[in-house]
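Quick notes on the structure that follows.
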Amino acid sequence: MAVAGLVCGIVGLLFFQFLFGPLAIIFGIVAYRQTGGSGMSKAAIGLGIADLIVFALLMTLMASSGGFTWYVGG
């Protein structure tokens, strides 16, 4: 579970922070309870929190610059 949390946390730093951040936190908490507090589970929780912080910063940046629009067509 700790490895799954680490993978979700690392991938979440680059892509889909809103999805992989909470998954990393959940996997990290489950691993923390199973192992009694291993370093990998703490790192997974930390990376999950970092993912959510990056997501919040990106949303704040997009909102302050006028947002974004979807353009479909030619």
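The values are calculated or read from the model by the stated rules, or taken from the named source; none is laboratory data. Keep in mind that this is a model prediction, so the values were computed, not measured. Note that we place each Cβ from the backbone using ideal geometry, even for glycine, and neighbour counts take in every protein chain shown. Quick note on the areas: whole protein, heavy atoms, side chains included, nothing else; ligands and nucleic acids left out. Shrake-Rupley method; radii C 1.70, N 1.55, O 1.52, S 1.80 Å.
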Inset, instruction - Scan the range 19-36 and give yes if some residue there is without any contact (Cβ under 8 Å) to a residue 12 or more places away in the chain and within 9 Å of the chain's Cα centre (by Cα), otherwise no. - result: yes
Legend entry - Conditions (1) within 15 Å of Ala4 (Cα to Cα); (2) within 19 Å of the chain's Cα centre (by Cα); (3) surrounded by fewer than 16 Cβ atoms within 10 Å (Cβ to Cβ): number failed by Leu58: (1)
Legend entry - Boolean, Val11 is open to solvent by less than 60 Å² (accessible area, probe 1.4 Å), modelled with pLDDT of 85 or more, more than 18 Å from Met1 (Cα to Cα) and β-branched (Val, Ile, Thr): no
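Tell me whether the range 30-40 contains one or more residues that are part of a helix (DSSP H, G or I), open to solvent by less than 70 Å² (accessible area, probe 1.4 Å) and modelled with pLDDT under 90.
Filtering the range 30-40 for residues part of a helix (DSSP H, G or I) gives 30-35, 39-40.
If we keep only those that are open to solvent by less than 70 Å² (accessible area, probe 1.4 Å) too, we end up with 30-31, 39.
Next, from what is left, pick out any that are modelled with pLDDT under 90: 39.
Checked against the condition, which is being part of a helix (DSSP H, G or I), open to solvent by less than 70 Å² (accessible area, probe 1.4 Å) and modelled with pLDDT under 90, the range 30-40 yields at least one hit.
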Inset, instruction - Determine whether Gly46 is over 14 Å from the mean Cα position of the chain (by Cα), surrounded by fewer than 17 Cβ atoms within 10 Å (Cβ to Cβ) and either closer than 26 Å to Met1 by Cα or modelled with pLDDT under 90 (or both). - result: no
